[in-house]
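Contents: one structure, followed by commentary.
The values are calculated or read from the model by the stated rules, or taken from the named source; none is laboratory data. Nothing here was measured: the structure is a model prediction, and the numbers come from that model. All Cβ positions, even for glycine, are placed from backbone atoms using ideal geometry, and neighbour counts span all protein chains on display. All accessible areas refer to the heavy atoms of the entire protein, side chains included, with ligands and DNA or RNA removed. Shrake-Rupley method; radii C 1.70, N 1.55, O 1.52, S 1.80 Å.
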Amino acid sequence: MTEKLLQYLWNYKVFKNFNFKDIEGNSVEIIHFGKWNKNAGPDFLDAKIKINGLLLAGNIELHVRSSDWIFHNHSQDPNYQNIILHVVLQHDIEIQELTGKHIPTLELKNHIDENIILKYEKLITGNEFIACENIFNPKKVPVNFHEENILKKLDEKSEELEQSLIRYKNNFEAVLFHSFAYSFGLKVNAHIFRQIAESLDYSIINKIRQNPLQLEALLFGISGWLETPQDGQMKIWKREFDFIKAKFSISDLKFHPKFLRLRPQNFPTIRLSQLADLYKHQHLFSKIMEAKNANQLYNIFRAIKASEYWDFHFNFGNISKVQPKTLSKDFINLLILNTVLPLKYTYHKYHREEIADEIIELYKTVSAEKNTIIKSWEKLGLNITNALESQSMIYHHKTRCEVKNCLACSIGFKLLKE
């Protein structure tokens, strides 16, 4: 038993019976269990109890053992002066300070089902995909579970984007460019691509975006790829990069994207060329903000492809079989889910416009991702049909299951109570 579990059981009132008596044998009626305090101070605030006909209002402190009051040095802490009840799993010693102030102690060991304790301990010590894998039941997923998860995720992402907006003086278009760069980099090059994007004043991107050749040359040059040209096209890119670098006083700082463990279609050469092609479009930000459905969003990305050179290359100088490097539907989904929808949500939130329902509906119209996490959920019987559900379960796995935070899980709550 942990103190965290004890707090959880108290908060959700998971007891075999409520015939509470203090250690003196006096009946204790809990009128209000209090508000769970996740910050410093007593565990439950603004509680109300009735003992010996006397109504008491104040705070409640919980411990696994009575002696924890001493070990936690609560006697010296002014935050614990308004305690009306000391709740413990096991009463092991008398606390003179509490006795002297006539503060009752309630022992819970006979009110808690031992199966709950055993089940919880088994959950947090297992090494399965999720702690509750052996008892997981898809029917225990609460109503609106996915919607709540997505809104939590969007709010967290929105906080990150708002920090970027402060840094870039509320320039949503600049932040969108940085976000797209991050997504185009995938896991291996995401941070490097964002560093490339953030190293440039966005006004430079705006000035050359109508010339994809120059924008491509700029991205390739900052990546350190044009110093020793291997063919005629590389010489053209180098010439353009040297011109842009001199014109806009771009620093000599270079960032070096990685190729290791990447499939050829995800090589940074291809993805940076596609990013440059995306930014040849005028009013990109406005189109994204105005899109009302998934089809309108798909239309923005369907025609995007790497430049002609990459039709028969994956890397500089090495000719390959002719294959236009367009964006796959899965990659477009990734851009929509990881960049477009979070920024769309943040933009409307910034302008105090309600868009949560519209965003939720957009998630529902995007296909579910296919990755190891989703496959593992599906093996447990969960039917995942769209991006709302897949993104929800990926987020849930990251924030609840990986860290074994079962007590904050609404599914875990139902499973523990059984």
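What spacing in nm lies between the two simple spin-label points modelled at LYS152 and ASP46, each 7 Å away from Cα in the Cβ direction?
2.3
Which angle between 0 and 90 degrees, to the nearest 10, do you get for helix 341-350 versus the longest principal axis of the chain when only C-alpha atoms count?
70
If R0 is 60 Å, what FRET efficiency do you get for ALA57 and GLU173 from their C-beta distance, rounded to 0.05? It would help to have the intermediate numbers written out before the result.
Details: r = 54 Å, r/R0 = 0.90.
For R0 = 60 Å, the calculated efficiency reads 0.65.
Given 0.36 nm per residue, what is the gain on full extension from ARG261 to SER286 after removing their alpha carbon distance, in nm?
Values: separation 25, 0.36 × 25 = 9.00 nm, distance 3.60 nm.
My answer for the length gained is 5.4 nm.
Given a 1.4 Å probe and every protein chain left where it sits, what share in percent of the accessible area of the chain is carbon and sulfur? Could the numbers behind the result be given before it?
Working: 10340 of 21300 Å².
C and S fraction of accessible area: 49 percent.
Mind grabbing the base-10 log of I(q)/I(0) for region 281-418 at q = 0.18 Å⁻¹? Debye formula, identical points on the C-alpha positions, no solvent, two decimal places.
With no solvent term, the Cα-only Debye profile gives -1.08.
Restricting to DSSP H runs of at least four residues, report the calculated mean residue ellipticity at 222 nm for the chain, -39500 (n - 2.57) per run over all residues, nearest 500 deg cm²/dmol. Provide the component values of the computation, followed by the final result.
On the way: 19 runs with 193 residues, N = 418.
That comes out to -13500 deg cm²/dmol.
Of TRP69, ILE236, ILE304, which is farthest towards the positive pole of the chain's charge dipole, taken about the Cα centre with +1 and -1 on the beta-carbons of Lys, Arg and Asp, Glu respectively?
So the residue we want is ILE236.
With +1 assigned to the C-beta of every Lys and Arg and -1 to the C-beta of every Asp and Glu, and no other charges, what is the dipole magnitude of the chain about the Cα centre in debye, to the nearest 20? Write down the numbers at each step before the final one.
Values: 54 positive and 49 negative charges, 333 e Å.
So the magnitude is around 1600 debye.
How big is region 59-181 on each of its three principal axes, counting only the C-alpha atoms and giving the largest first in Å?
Between the extreme Cα coordinates on each principal axis of region 59-181 lie 65, 42, 27 Å.
I need the trypsin sites (Lys or Arg not before Pro) found in region 334-418, filtered to DSSP loop residues with at most 10 other beta carbons within 10 Å of theirs. Walk me through the intermediate numbers first.
Details: sites: LYS344, LYS349, ARG352, LYS364, LYS370, LYS375, LYS379, LYS398, ARG400, LYS404, LYS414, LYS417; in loops: ARG352, LYS370, LYS404.
Hits after loop and neighbour filter: ARG352.
For the chain, what does the accessible surface come to per residue with a 1.4 Å probe? Please give it in Å².
On the way: 21300 Å² over 418 residues.
In whole numbers, the chain has 51 Å² accessible per residue.
Give me the distance between the Cα centres of region 222-239 and region 297-342, rounded to whole Å.
21
Taking every DSSP beta bridge with both residues inside the chain, roughly what % is antiparallel (nearest 5)? Present the calculation step by step, with values, prior to reporting the outcome.
Numbers: 17 of 26 bridges.
Here the antiparallel bridges make up roughly 65 percent for the chain.
How far is helix 356-365 tilted, in degrees, relative to the longest principal axis of the Cα atoms in the chain, given as a value from 0 to 90 rounded to the nearest 10?
The helix 356-365 is inclined about 60 degrees to the chain.
Points 7 angstrom from Cα along the Cβ direction at GLN90 and LYS398: gap in nanometres?
4.0
Give me the one-decimal Kirkwood hydrodynamic radius in Å for region 157-217, with the sum taken over alpha-carbon pairs. Write down the numbers at each step before the final one.
Details: mean 1/r = 0.0828 Å⁻¹.
The Cα-based Kirkwood calculation yields 12.1 Å.
Could you tell me which of HIS283, PRO104, ASN338 has its Cα farthest along the dipole of the chain towards the positive end, charges placed at Cβ (Lys, Arg +1; Asp, Glu -1), taken about the Cα centre?
Positive-most Cα among the choices belongs to HIS283.
Please state the Cα pair-distance histogram of region 222-326 with 5 angstrom bins from zero: what percent is in each bin?
2, 10, 17, 20, 19, 14, 10, 5, 1, 0
Nearest 5 percent is fine: what portion of the DSSP beta bridges confined to region 1-155 is antiparallel?
Working: 14 of 23 bridges.
Here the antiparallel bridges make up roughly 60 percent for region 1-155.
Calculated FRET efficiency, LYS101 and LYS21, Cβ-Cβ r, R0 25 Å, to nearest 0.05? Numbers along the way, then the final one.
On the way: r = 19 Å, r/R0 = 0.77.
Using R0 = 25 Å, I get an efficiency of 0.85.
Working from Cα positions, state the angle (0 to 90°, nearest 10) between the long axis of helix 172-184 and the longest principal axis of the chain.
Helix 172-184 sits at roughly 90 degrees to that axis.
For the chain, with a Gaussian network of springs between Cα atoms less than 10 Å apart, report the residue from PRO212, PRO78, PRO268 with the top mean-square fluctuation.
Judging by the Gaussian network model, the answer is PRO78.
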